[in-house]
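Participant: Pasting in a structure now, in structure tokens, and then I'll have a few things to ask.
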């Protein structure tokens, strides 16, 4: 099974913390959709005929697409690829876009899962982040989506920000629980180079991120979601049983995926490639019949490191038997040796041949993974 990702690089306005590729000018939206259709045709053999179990419209803000544009893209996907009947089809959406009329349009296109960029239910947080929606819309869009038949809902929440108190964070998480949202993606506020937030902090216009607060919020999050019956199945992702994201899980399980659109990445285990992050150049290249991407061949060491990094982030863990089968017994023994100090420290748990991060270890996931790399 494989997945397809489509990057829709348009937003109403720029959030201060965001470093994804997007444009607030939508003049090229129609042209870009046409070139996405062309890229699908040029890349239709990348997945070698594998059945498609998930499709994900990311961005940017895919909920800015019109119903006609979504139908065009979905029709082309069904024409060129074998989409499974029960495929998970996700669209990222901003709360201010999800009116009852828009939700009805989305359902008609075959979208069956929404990932909503709530970020916070508090007005002060949303204004500080420079979000396009307000706190009333954050609440109403979830209720509207559920009333429109969308029960496979994920929402994004950001913690650790300067305007978010411990009490405010608890209220955000409890609001999501009370609304019976089936999936939560929760991220610590990070300062990415080149973002507006980075510039504001450098110029002393905003306070630096408080890492201690972020760590505290993450620990609280793990406790509250466990009590509410959510499974912490990946570092940043929590789901009610049976509601894990199939698309994102395919990334962490090393399955193949095709990325379409500016800045989109593709992966087939042997190589990784990524499209140019420039809308005008993307359109121009495809008008000339060429997909504008760079390619990186993955060495065995890179493939092993990829497996270590992605598997350790999940509750399924890193399987030593898989490492031995794919990379050899010596690599398996070396990995276990590298992991031993973390096992002794209580940050990694070993059960049979599986290594998983403990609750404390999840606080240091990236650092632990990098220390295990070959």
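Participant: Looking at region 145-170, which of its residues are out of contact with any helix residue (DSSP H, G or I) (no Cβ under 9 Å at 6 or more places or on another chain) and assigned to a helix (DSSP H, G or I)?
Facilitator: Matches in region 145-170: 146, 167.
Participant: In addition: Every residue in region 337-364 that is at pLDDT 95 or above, part of a helix (DSSP H, G or I) and surrounded by 17 or more Cβ atoms within 10 Å (Cβ to Cβ), please.
Facilitator: Those that are at pLDDT 95 or above, part of a helix (DSSP H, G or I) and surrounded by 17 or more Cβ atoms within 10 Å (Cβ to Cβ): 339, 342, 361, 362.
Participant: Here are some residues: 156, 210. Which one is under 23 Å from residue 114 (Cα atoms) and in the same structural domain as residue 113 (by TED's automatic domain parsing)?
Facilitator: So the residue among 156, 210 that is under 23 Å from residue 114 (Cα atoms) and in the same structural domain as residue 113 (by TED's automatic domain parsing) is 156.
Participant: Going by the conditions given, is residue 108 in contact (Cβ under 8 Å) with a residue 24 or more places away in the chain, in the same structural domain as residue 182 (by TED's automatic domain parsing) and surrounded by fewer than 19 Cβ atoms within 10 Å (Cβ to Cβ)?
Facilitator: Yes: the conditions hold for residue 108.
Participant: Checking residue 20 against (1) in contact (Cβ under 8 Å) with a residue 40 or more places away in the chain; (2) within 29 Å of residue 268 (Cβ to Cβ); (3) under 22 Å from the mean Cα position of the chain (by Cα); (4) surrounded by 17 or more Cβ atoms within 10 Å (Cβ to Cβ), only one condition comes out false. Which one?
Facilitator: Failed condition: (4).
Participant: Filter region 326-336 down to the residues that are part of a helix (DSSP H, G or I) and more than 29 Å from the chain's Cα centre (by Cα), then identify the one that is surrounded by the fewest Cβ atoms within 10 Å (Cβ to Cβ).
Facilitator: 330
Participant: Moving on to the next point. Are any of the residues in region 308-319 in contact with a helix residue (DSSP H, G or I) (Cβ under 8 Å, 6 or more places away or on another chain), outside the structural domain of residue 24 (by TED's automatic domain parsing), touching a residue at least 24 places away in the same chain (Cβ under 8 Å) and more than 30 Å from residue 159 (Cα to Cα)?
Facilitator: Checking region 308-319: at least one residue is in contact with a helix residue (DSSP H, G or I) (Cβ under 8 Å, 6 or more places away or on another chain), outside the structural domain of residue 24 (by TED's automatic domain parsing), touching a residue at least 24 places away in the same chain (Cβ under 8 Å) and more than 30 Å from residue 159 (Cα to Cα).
Participant: Hey, another quick one. For residue 223, are the conditions met, namely being out of contact with any strand residue (DSSP E or B) (no Cβ under 7 Å at 6 or more places or on another chain) and without any contact (Cβ under 8 Å) to a residue 12 or more places away in the chain?
Facilitator: Here the answer is yes, as residue 223 does meet what is asked.
Participant: Moving on to the next point. Test of understanding: among 173, 191, 181, which residue is surrounded by 19 or more Cβ atoms within 10 Å (Cβ to Cβ) and assigned to a loop (DSSP other than H, G, I, E, B)?
Facilitator: 181
Participant: Also, quick follow-up: Can you tell me which residue among 285, 266 is free of Cβ contacts under 8 Å to residues at least 12 places away in the same chain, surrounded by 15 or more Cβ atoms within 10 Å (Cβ to Cβ) and more than 17 Å from residue 370 (Cα to Cα)?
Facilitator: 285
The values are calculated or read from the model by the stated rules, or taken from the named source; none is laboratory data. Note that this is a predicted model, so its numbers are computed, not measured. Cβ atoms come from the backbone with ideal geometry, glycine included; neighbour counts cover every protein chain shown.
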